[in-house]
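In what follows, a single structure is set out as structure tokens and then discussed.
The values are calculated or read from the model by the stated rules, or taken from the named source; none is laboratory data. Bear in mind the structure is a predicted one, so any value in this text is a computation, not a measurement. Every residue, glycine among them, receives a Cβ derived from its backbone with ideal geometry; neighbour counts consider all protein chains shown. Surface areas here come from the heavy atoms of the whole protein model, side chains and all, with no ligands, DNA or RNA. Shrake-Rupley method; radii C 1.70, N 1.55, O 1.52, S 1.80 Å.
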Amino acid sequence: QVQLVESGGGLVQPGGSLRLSCAASGSIFSVNVMGWYRQAPGKQRELVAHITSGGSVYYADSIKGRFTISRDNAKNTVYLQMNSLKPEDTAVYYCNLHWGGYLYWGQGTQVTVSS
């Protein structure tokens, strides 16, 4: 059984920063992809960024230059450093882990950007 536990969400003013963490536990294949999705009220869940176990990264255009994804393979943990936050970044952020035909989600963490 694989579990993903997220932390680091909260309320921040526009222009501020937050760092999300997601720790995976259980039987995890060493070659995998970890990432972050988000879902705003009334909108579909969208991919924010992902990173492979080899270090290749992808960023959605909407967050390029502001967010940085990283991971610690020894700890099976992925991070999302979010800078220059905007109100439109407000959403529930979900951690994702997948390899082969296996797909796992975290419970989500709320990020609210508001003055």
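Structural remarks
- Residue in the range 30-39 that is of a type in the set (A, V, I, L, M, F, W, C), open to solvent by 10 Å² or more (accessible area, probe 1.4 Å) and in a loop (DSSP other than H, G, I, E, B) present: yes
Quick grid of which residues meet (1) crowded, with 16+ Cβ neighbours inside 10 Å; (2) in contact (Cβ under 8 Å) with a residue 24 or more places away in the chain; (3) of a type in the set (D, E, K, R); (4) farther than 14 Å from Val111 by Cβ:
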{"site": "Gly10", "(1), (2), (3), (4)": "no, yes, no, no"}
{"site": "Leu20", "(1), (2), (3), (4)": "yes, yes, no, no"}
{"site": "Thr52", "(1), (2), (3), (4)": "no, no, no, yes"}
{"site": "Lys64", "(1), (2), (3), (4)": "no, no, yes, yes"}
{"site": "Lys86", "(1), (2), (3), (4)": "no, yes, yes, no"}
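- Restricting attention to the range 40-50, the residues being within 10 Å of the chain's Cα centre (by Cα) and either among the small types (Gly, Ala, Ser) or surrounded by 20 or more Cβ atoms within 10 Å (Cβ to Cβ) (or both) number 3.
- Test: residue in the range 90-100 that is outside any strand (DSSP E or B), at pLDDT 95 or above and open to solvent by 50 Å² or more (accessible area, probe 1.4 Å): no
- Qualifying positions in the range 38-70 - within 18 Å of His98 (Cβ to Cβ) and among the acidic types (Asp, Glu): Glu46
- Residue within the range 70-81 that is at positive phi, open to solvent by 20 Å² or more (accessible area, probe 1.4 Å) and not in a strand (DSSP E or B) present: yes
- Close contacts from the range 95-115, counting a first residue that is free of Cβ contacts under 8 Å to residues at least 40 places away in the same chain and within 19 Å of Gly54 (Cα to Cα) and a second that is among the hydrophobic types (A, V, I, L, M, F, W, C) and open to solvent by less than 80 Å² (accessible area, probe 1.4 Å), with Cβ to Cβ under 8 Å and a gap of 6+ residues or different chains, come to Leu103/Leu97.
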